[in-house]
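Asks: Mind looking over this structure? Questions follow.
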Amino acid sequence: MSLVVVAECVAEPGQEDRLRTALEALIEPSLEEPGCLAYRPYADPNNPGHMVVVAEWTDPEALARHGTTPHVRHARQVLDLVLAEPMAVRRLLMAARPPG
């Protein structure tokens, strides 16, 4: 059963572009990681400083490995400078398998 992670980010005023760039830079290397099924950042169309990343992992171990990668460590350094508040992270298990 896969693990879905929803991470909510709020940029400091004036740091919206840096937030978007930092999250977009994680897409390709994250998708190349073993166990990453999906990795997508989304921006609030009414508030560009508010972004959410939705990622899906095969299991908690794959997610744990993700947190130790060089690209995530670099992103954390950038996020420490641009976020207005700590990132809110939720881990969710699929309640039921989709049909098909």
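Just so you know, all these numbers are worked out from the coordinates, no wet-lab data involved. Small disclaimer: the values here were computed from a predicted structure and weren't measured. When we count neighbours, we look across all protein chains shown, and the Cβ atoms used for this are built from the backbone with ideal geometry, even at glycine.
Asks: For the chain, build the charge dipole from Cβ charges (+1 Lys, Arg; -1 Asp, Glu) around the Cα centre, then report which of P48, M87, P99 sits farthest towards its positive end.
Replies: It is P99, whose Cα lies furthest towards the positive end.
Asks: Continuing with this model, one more query. Working out 0.36 nm times the residue gap between V72 and D59, then minus their Cα-Cα distance, what length gain in nm do you get to one decimal?
Replies: Difference between extended and current length: 2.9 nm.
Asks: Further, regarding this structure: Could you give the distance between the Cα centres of region 68-99 and region 5-41, to the whole Å?
Replies: Taking the Cα centre of each part, region 68-99 and region 5-41 sit 8 Å apart.
Asks: Moving to a separate point now. If we count every other residue with Cβ under 15 angstrom of E16's Cβ, Lys/Arg +1 and Asp/Glu -1, where does the sum land?
Replies: -4
Asks: Would you mind working out the magnitude of the charge dipole of the chain relative to its Cα centre, with +1 at each Lys and Arg C-beta and -1 at each Asp and Glu C-beta, to the nearest 20 Debye?
Replies: 240 debye
Asks: Using helices alone, what [θ] at 222 nm do you get for the chain, with -39,500 (n - 2.57) per DSSP H run of 4 or more residues, divided over all residues and rounded to the nearest 500? Display every interim value, and only then the final one.
Replies: Values: 4 runs with 34 residues, N = 100.
Estimated from H runs of four or more residues: -9500 deg cm²/dmol.
Asks: Here's another thing I want to ask about it. May I ask for the net charge around A64, where only other residues with Cβ less than 13 Å from the Cβ of A64 are counted and Lys, Arg are +1 while Asp, Glu are -1?
Replies: -1
Asks: What is the log10 of I(q)/I(0) for region 3-93, computed with the Debye formula using one identical point scatterer on each Cα and no solvent, at q = 0.13, 0.14, 0.16 Å⁻¹?
Replies: Those come out to -0.39, -0.45, -0.59, one per q.
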